[in-house]
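A short write-up of the structure that comes next.
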Amino acid sequence: MVTSPQRLFTDLAGAYDWLNSHINYERELGRIAYNNRVFELNGFLRRIEALGRPQLGLRTIHIAGTRGKGSAALMLEALLRASGLRVATYTSPHIREYRERIRIDGEVIAPELFVRCLQRIAPLDENGAATGLQFKTVFEHLTALFFLAARATAVDWAVVETGLGGRLDATNVVEPGPVLLTRIGLEHTHLLGRTIPAIAGEKAAILKPGGWGVVSAQAESEGAMEIFAQQARRTGARLDRAADLCPIRRVTPDASGLRVVVEFEGELLTVGLPLYGPCQAENLQNALAMLSRLREEGLIARAPREALAAALASVSIPGRMERWPTAPPLIIDAAHCPTGAEALVQALEAHFPGTRTHLLVGMMADKEHDGFFAALARWPGWRRVVCYPVDSPRGASAADLADCARRHFPDVTLCTDLAAGLELALRIADKKDQIVAAGTVVSIAFLQDWAATRLTMDVQQDGPSETQSR
């Protein structure tokens, strides 16, 4: 008997409940193996074939890396839309709800389209036990849903960020085409490998015969660039360095963001980014380099440079050095690995030198805690570190985090939960100080809500303050 998808769910809440009844590896990364049996890419390919192969014929820019994938994806989305194109964008993870991962023309996918596409998938799950056509994980469902939504809306391009690694990632069913490889660092080492070359090899696998790529700047001594070059030779794919295509000539940080002067197709282009951190200049370079190659290949029309700069000036990336002008200011950052911690420190050094800073940190148990704290400790502005337990099955205990943090910081304390950590940070911080909350994406929604409430309270007590910068 064939199950009607309408009997399973008819609205967004029901769709989310049904989706959450499936395996979610993002909640179990510390307890799973990384192999072809668990991350069953060939099986996913068979299942998506049963949906009519919606990924085929979809012009796709595929992005893999450790740092900057999501930022580069949103910058590329802005650049492509400024070029007069319709764009679907797939990123992960989300902050509040699954729909955030799928954007159509710069907007989060409509609830009705989300439900309708998931209803296309549901019968395979409910009726496919005998055929093996059941989608296994939440990420598989969302990836298939993205391709269906991109097809349904007839977009010109899809910008697709990998979820984990690249070689076995569900997104790696796209046809060979443009690939962006961002900076590689140590993350998910228990799954992807303990070294930079091993991790780079997993990411490089999205570069296929018939495709071509752009690669971000890498630490030359760590070996990632050689792994990428080997993959390019193996596949016969052209691979260009973003720094060669679009050299950065000047980066000027201030309290509101970055002013970047970059050489773009032989002329200087000045971009005002409402984003913090030198890493965002690198992400900008990557996005512009990809755009330049797309234009060189004749795949997109050449938009006016002014339109490109204006589009980039409006890019917003929640949870990435997201600064709230509370008293004291709160900076929310999703950094959760050593590479992300390095980017956070560079941003603090560039934009807020000399500012006394208190760190509020919660992390997943499977992250590189020692490397994370070691990278953060290079910033001399820290005063106190407050550790809290993340509300997640994967969360590390506050005691374990504090024990690790004490190897690198002299003043470390712990608290029972995030709310208590915020209250403690407020008590110990002067209004001229700042609080940085980092370590996990899971806490961002709570932090944003807390900051919005706090900002309202500050305005009521003190009168109108500076415009919130995010």
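What do the square roots of 5 times the Cα gyration tensor eigenvalues come to for segment 5-312, in whole Å, largest first, as semi-axes of the equivalent ellipsoid?
32, 23, 18
Could you list His22, His62 so that the one with the fewest beta carbons within 10 Å of its beta carbon is first and the one with the most is last?
In increasing order of surrounding Cβ atoms, one gets His22, His62.
Give, rounded to the nearest 20 debye, the magnitude of the charge dipole that segment 49-133 has about its Cα centre when Lys and Arg contribute +1 at Cβ and Asp and Glu contribute -1 at Cβ.
On the way: 12 positive and 9 negative charges, 66 e Å.
It comes to approximately 320 debye.
Report the one residue of Ser21, Leu51, Ile61 whose Cα lies farthest in the direction of the positive end of the charge dipole of segment 1-132 (charges on C-beta: Lys and Arg +1, Asp and Glu -1; origin at the Cα centre).
Ile61
Report relative contact order for the chain in percent, whole number only (criteria: Cα-Cα under 8 Å, sequence separation at least 6).
Relative contact order comes out at 15 percent.
Full-extension gain between Asp400 and Ala33, please, as 0.36 nm times their residue separation minus the C-alpha to C-alpha distance.
Working: separation 367, 0.36 × 367 = 132.12 nm, distance 2.37 nm.
Extra length available between Asp400 and Ala33 comes to 129.8 nm.
Run through all the Cα pairs of segment 322-462 and give the fraction in each 10 Å bin from 0, expressed as whole percent.
13, 48, 34, 6, 0
For the chain, what is the percent of antiparallel DSSP beta bridges, rounded to the nearest 5? Walk me through the intermediate numbers first.
Values: 23 of 58 bridges.
Counting DSSP beta bridges with both partners in the chain, the antiparallel share is about 40 percent.
Would you please put 105-113, 282-290, 440-448 in order of how densely packed they are, using the mean number of other Cβ atoms within 10 angstrom per residue and starting with the highest?
For the peptides 105-113, 282-290, 440-448, the packing ranking is 282-290, 440-448, 105-113.
Work out the FRET efficiency for Glu100 and Ser392 from their Cβ-Cβ distance, taking R0 = 30 Å, and round it to the nearest 0.05.
Here the calculated transfer efficiency is 0.95.
Which value, in debye to the nearest 20, gives the size of the charge dipole of segment 322-462 about its Cα centre, when Lys and Arg are +1 and Asp and Glu are -1 at the Cβ? If you can, show how the numbers build up before the last one.
Numbers: 13 positive and 18 negative charges, 69 e Å.
Its charge dipole is roughly 340 debye.
How would Leu76, Leu148, Leu455 line up from fewest to most surrounding beta-carbon atoms within 10 angstrom?
Leu455, Leu148, Leu76
Of the options Val345, Pro380, Val412, report the single residue whose Cα projects farthest towards the positive end of the charge dipole of segment 322-462 (beta-carbon charges: Lys, Arg +1; Asp, Glu -1).
Pro380
Place +1 on the Cβ of every Lys and Arg and -1 on the Cβ of every Asp and Glu in segment 191-279, take the dipole about the Cα centre, and give the residue among Ala242, Trp212, Cys279 whose Cα lies farthest towards its positive end.
It is Trp212, whose Cα lies furthest towards the positive end.
For a footprinting-style exposure proxy, rank His190, His351 by other Cβ within 10 Å, fewest first.
Sorted ascending by nearby Cβ count, the order is His190, His351.
Under a point-charge model restricted to the Cβ atoms of Lys and Arg (+1) and Asp and Glu (-1), what is the dipole moment magnitude of segment 5-312 relative to its Cα centre, in debye to the nearest 20? Before the final figure, lay out each step's value.
Working: 36 positive and 34 negative charges, 84 e Å.
With Lys and Arg at +1 and Asp and Glu at -1, about 400 debye.
So for segment 299-430, averaging the separation of alpha carbon pairs under 8 Å that are six or more residues apart and normalising by length, what relative contact order in percent results?
Relative contact order comes out at 20 percent.
What is the spin-label model distance, in nm, from Arg46 to Asp417 if the labels are put 7 Å beyond Cα along the C-beta direction?
Distance between label points: 4.5 nm.
What are the ³J(HN,Hα) couplings of segment 318-330, residue after residue, when phi is run through the Karplus curve with 6.51, -1.76, 1.60 and θ = phi - 60°? Round to Hz, x for glycine and proline.
x, x, 10, 6, 7, 9, 10, x, 6, 10, x, x, 10
Where in segment 88-124 does the label zone of Asn24 land, with the point 7 angstrom along Cα→C-beta and an amide N cut-off under 16 Å?
The answer is 92-102.
Readers should treat all values here as calculations from the given coordinates under stated rules, not as data from a laboratory. Note that the coordinates shown come from a computational prediction; the quantities given were computed from them, not determined experimentally. Neighbour counts are summed over all protein chains in view; Cβ atoms, including those assigned to glycine, are modelled from backbone coordinates with ideal geometry.
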